[in-house]
Each structure stands twice: as structure tokens, then as C-alpha cells.
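Only one structure is covered here, and it is reproduced in the block below.
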Amino acid sequence: MATINSNFLKLKAGYLFPEIGRRVKAFTDANPDKAAKIIRCGIGDVTEPLPASVRAAMHEAIDEMGVRETFKGYGPEQGYEFLRQAIVDNQFSDLGISADEVFISDGSKCDTGNILDIFGEGNVIAITDPVYPVYVDTNVMAGNTGEADDKGAYAGLVYLPCTAENGFVAELPKEKVDLVYLCFPNNPTGSVATREQLEAWVKYAKENDTVIFYDAAYEAFIQDPSVPRSIFEIEGAKDVAIEFRSFSKNGGFTGVRCAYVVIPKTVTGKAADGSRVPLHQLWSRRHSTKFNGASYPVQKGAAAVFSEQGEAEVKALIEHYMGNAKLLVEACKSAGLPVFGGENAPYVWVGCPAGSTSWDMFDKMLNEAQVVITPGSGFGSAGEGWFRISAFNSRANVEEVCKRLKAVLA
Ligand SMILES: *Cc1c(COP(=O)(O)O)cnc(C)c1O
């Protein structure tokens, strides 16, 4: 009989979004007349159409595929040079990153999960709480944790609480950890780390021989020029960090699929015999064995994000979403609730009225305002008492949400 990876049985069966779906369905079944009124500000997915420059580049690439002379079969596993070079020139100029340190993929969700393939057993792994659930669940699947307790916290992981007191930026671990996941601008809290805070993380990583996984999926939403856009802006980071980037949230690629990992050749891990091995070498091997390259039209579309027209279009998309975030922040503040995020990220992180849990607030917003939010406790126990509103929406929907929010909380 085939045995299974029993680690999967430790997973808390995708609690958050299925539970949201269940409650929304129960509401619409009971109130069919109100179903059409529902506005979803829950899932972090973009809503605005793909930029014209991206579509034109993809159309052109498809046409090339239709002609023998320009047809393309398998591309380089690591990604086409034209895209890797465009990424380095546009996103990492002056940071000393070379095109062969960039690995193109079909998404950061897969990258942040797959990266565990190249790490050994017994690492002490730190994650922030609240957190993007992918980091936790992929560690559970890989056997890096014990069982979950009744609050959903897994034995063996080091949880770094993010609270109003620390501005939702985790403090350095008290103990020595081998791997840590950082995400700035943060999903779900919308927080950003200052240069000083990132310098402290890099110093910690150097002193403790830690590898930092830096998820910068929301880099394009940073408005404050003093906030670092890449971990590699911090001196020494190229020895301890790898960075995940995606075209999903800036270029609207959630349905197109393109992302990349930057692994400087100077970041290493320890082999069983004590020698240091570059992570770049291992990921290169892993990527070319288990991945056959992102689609050519998709990579052409991604490169168009860096064209003059593409940059202008992305800027307009970001301005649209950040304009939404501003309205949501104002509405929540005027309702007297504590608000974080929304200034350098498309997520607004809001404190529940005194005495309400995250799910109480979810039910109240659904039942009384027909607005779907995301309960903070679904991202980790430190998220209890908070909820997330996504700014990914049309302006009309956001204006309506603000109106209903104020009415319900008045
Ligand atoms: C949306 C998101 C990503 C991007 O995921 P893709 O698979 O590239 O669409 C990565 N990290 C976080 C925290 C996200 O919210």
C-alpha cells in the first residue's frame, strides 16, 4: 500500500477562506434579496484590467509562436535573459544584483513554498504572527513542525508577534533561528519596515547565521521614499537574504502568473559535513529539474511592465488602489477605530470595536453592511481583535463600502 506524507494530516484544513465562504453562503441563503448588495473586500486579488502594454506584448508573442522562424519551444528554465536583465536594470540597479541571480517562475506562492526543497531538516524557523498562511502550511507539509494547538499554532515554529505596540513589525527573536520569513509591505497588516529595522534584521542574521526570506510582493505600493523597496538596499543583505518578487500585485498578473526569486551567489547554507554551499547553486539545480520555464508570452508581458508605457500604466494602477486605501483608512478612522496600514500597502488593518472579536466583526459587517472583510485571527492568533480590508476594488465599490462602514459603526 502506498503510504502518504502524514504531515498533511497536521494541516488545519484551510480554515480561513472556506469559513468565510461558508458564512457568506449562509447569509445569502437566508437573505436572497440582499445577495446582490454584497461587496467583497476579503481576498487579496486585484480587480483592474491588465495594462494595454502588457496585452500588446503578449499578443505579439503569441503571433511569434505562430511562425516557424520565430516559434519558441522550451525556454531557459531560469527565465529569458530579456526579462531577467530588465528586472535587474529596473528594480535592482545600483544594488549589485546580476541577471543570473534572478530566477523567473509562475508565482511567488509557489516560490515561497518550493524554496524549502533546498533546506535540510532541523532548522529553527521563525514566522511573524499574523502571517501569510502559505509560509506556515508549506513548513507543515515539509515536516518542519509538530502538531497544531487549539489556537492553530504549530509546535516547533517560532512565532514573532506583531501587535499595535510594535507597530506590526516583529521584534528580533530572543533565540537563534535558522530561517525567518519577512514580508514588507506586509500582508495582512499593511505595515512596512524602516531602514533601521531592516538593518537590525540583517545584523541579527549575520550574527546568528540566519537566512532571511524577504517577500516583497507589495514593493510597488511603497509611497514613502525613506522605506526600502528591497532587502538588498541593506548593506550585508546579499550574504544572508533571498528576495521574492511577483508581477501579481503591481502588473495585475494574478491570473497571468509571473514572479521571480533573487538569490545572490553569496548566500550560503551549511552541508552535513560543515562546508558552506551557495543556495544559488541548489535552487538553480532544483528549478531546472522541477520547472520548465514560465510561458514565453507571459515573460514578454512581464517585460512590458518595464517599458515606458508599462511603467505609466502600473503607476496609474497603484495610484488607483492607494486612492482606495486612503478612503478606507479615513472611513475607519472617522468611525473611531484604530487603523494601521493602507499608507504603503493595499491593505488596511483595523482594530475591532472594544469587546468584539475578529469574527464578531466579520459577521456584523456581513449582516448589517453586506461587506466581506477578512478576520485578523485567521492569519494567526496575534491577529485576534483586528480585521483586514483590501483596497483591491473599483472606486465605486470602495466609496460604497466607506459609506456602509460609517453607517454601521456610527
Ligand atoms: C499576493 C502575494 C504574493 C504573490 O503571489 P503570486 O503567487 O505571485 O500571485 C506573494 N506573497 C504575498 C504575501 C502575497 O500576498
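What is the local net charge at residue 184, summed over the other residues whose Cβ is closer than 9 Å to its Cβ (Lys, Arg +1; Asp, Glu -1)? Taking every other residue near residue 184 into account, the sum is -2. Residue-wise HN-Hα couplings along segment 170-177, as the Karplus relation 6.51 cos²θ - 1.76 cosθ + 1.60 with θ = phi - 60° gives them from phi, are 4, 7, 4, x, 6, 9, 8, 10 Hz; Gly and Pro carry x.
Scanning residues 5 or more positions from residue 40 or on other chains, those with amide H under 5 Å from its amide H are 372, with H placed 1.01 Å from N in the peptide plane. Evaluating 6.51 cos²θ - 1.76 cosθ + 1.60 at θ = phi - 60° for every residue in segment 83-94, the Karplus couplings come out as 7, 4, 5, 4, 5, 4, 5, 9, 10, 10, 5, 6 Hz, glycine and proline recorded as x.
Taking the fewest neighbouring Cβ atoms within 10 Å as the starting point, the ordered list for 80, 74, 181, 347 is 74, 80, 181, 347. Cβ crowding within 10 Å ranks 6, 105 as 6, 105, fewest other Cβ atoms first.
Can you tell me which of 179, 16, 198 moves the most in a GNM of the chain? Springs connect C-alpha atoms under 10 Å apart. Fluctuation is largest for 16. Beta-bridge orientation, the chain: approximately 55 percent antiparallel, per DSSP, counting only bridges with both partners inside.
Computed from label points 7 Å out along Cα-Cβ, the spacing between residue 273 and residue 308 is 5.6 nm. Shown for 260, 296: other C-beta atoms within 10 Å of each C-beta, ranked fewest to most, produce the order 296, 260. Proximity of backbone amide H atoms, modeled 1.01 Å from N, is registered between residue 253 and 248 at under 5 Å, excluding neighbours fewer than 5 places apart on the same chain.
For residue 386, nonlocal amide neighbours, meaning residues 5 or more places apart or on other chains whose placed amide H falls under 5 Å from its own, are 352, 358, 376, 377.
All of the numbers you see were taken from the coordinates with simple rules; none came from a lab. All of these numbers come straight from a predicted model, not from anything done at the bench. Every residue, glycine as well, gets a Cβ built from its backbone with ideal geometry; the counts of neighbours run over all protein chains shown.
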